[in-house]
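A.B. asks: Have a look at this one before I ask anything.
Read the figures in this text as sums done on the coordinates, not as results from a lab. Note that the structure is a prediction, hence the values are computed from the model and not measured. Note: ideal-geometry Cβ built from the backbone for every residue, glycine included; neighbour counts use all protein chains shown.
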Amino acid sequence: MTTTVGVLALQGDVREHLAALRSVGAAAVPVRRVAELAACDALVLPGGESTTMVKLAATFELLAPLREAVRAGLPVLGTCAGMILLADRVEDAATGQETVGGLHVTVRRNAFGRQVDSFEEDLRVTGLADPVRAVFIRAPWVEQVDDDVEVLARVATGPAVGRIVAVRQGPLMATSFHPEVGGDDRVHGMFVDLVRSA
Ligand code: GLN
């Protein structure tokens, strides 16, 4: 059976996620409307700018349906800004910044600071045999996780060593980095496997 994965297509790096999902055998569709969301087996919240994305979601009347879908158990992968959107709690949020929520973590926005706006690292991710070349761009990290959240990856080098940058909680997955960049589709593969086993 085909697995249909939507990519929230209001803002951010939508095309790259669609391509990565297709390359791991999923049917990938952009999502801008409630009816499109309802037709999906799973959803990706892409990287971009979290305050813009959440405002657009509200404007497109998608915020409440997204919250409802997560509550109902829809598998969701949030990357970078998408991780912020999925988090229950955000540190250094913009004033009044809302999230979709559902992931029982505290995320710190723009956590790596100005000196290290962007960096790359070969990151060990639980469930993947070889490290992933992880690209971080004004990335958040996970400051705190509740007991039901599994940590999948921590930064191994540099000033942010030990910081949590990938997590899973049931059908929800989130990464601080951009797995859709660089042609390595194993994180998307992991997510689609998760969707198929859910
Ligand atoms: N800093 C951005 C935000 O707060 C996230 C950056 C990204 O997605 N590359 O939304």
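A.B. asks: Over the Cα atoms of segment 82-171, how large are the radius of gyration and the largest Cα-Cα distance (Dmax), in Å?
C.D. replies: Over segment 82-171's Cα set, Rg and Dmax evaluate to 12.9, 41 Å.
A.B. asks: Given only helices, namely DSSP H runs of n ≥ 4 each adding -39500 (n - 2.57), what is the per-residue ellipticity at 222 nm of the chain, to the nearest 500 deg cm²/dmol?
C.D. replies: Taken over the chain, the calculation gives -7500 deg cm²/dmol.
A.B. asks: Another question, then. Select from V105, G127, T157 the residue farthest towards the positive end of the dipole of segment 84-198; place +1 on Cβ of Lys and Arg, -1 on Cβ of Asp and Glu, and compute about the Cα centre.
C.D. replies: Value: T157.
A.B. asks: If you don't mind, another one. For the chain, set up a Gaussian network in which alpha carbons nearer than 10 Å are linked by springs, and say which option among T51, T79, T157 fluctuates the most.
C.D. replies: Looking only at T51, T79, T157, the largest GNM fluctuation is found for T157.
A.B. asks: Give, rounded to the nearest 20 debye, the magnitude of the charge dipole that the chain has about its Cα centre when Lys and Arg contribute +1 at Cβ and Asp and Glu contribute -1 at Cβ.
C.D. replies: 220
A.B. asks: Let me spell out the model: positive unit charges on the Cβ of Lys and Arg, negative unit charges on the Cβ of Asp and Glu, origin at the Cα centre of segment 41-94. What dipole size does that give, in debye rounded to 20?
C.D. replies: Using only the charged Cβ atoms, the result is roughly 80 debye.
A.B. asks: What residue among G96, G183, G12 shows peak mean-square fluctuation when the chain is described by a Gaussian network model with Cα springs under 10 Å?
C.D. replies: G96
A.B. asks: Figure the gain on full extension for E49 and T4 (residue separation times 0.36 nm, minus the Cα-Cα span) and round it to one decimal in nm.
C.D. replies: Gain on extension, E49 to T4, equals 13.7 nm.
A.B. asks: If you wrap a convex hull around the Cα atoms of segment 1-93, how much volume per residue is inside, in Å³?
C.D. replies: Hull volume normalised by residue count: 84 Å³.
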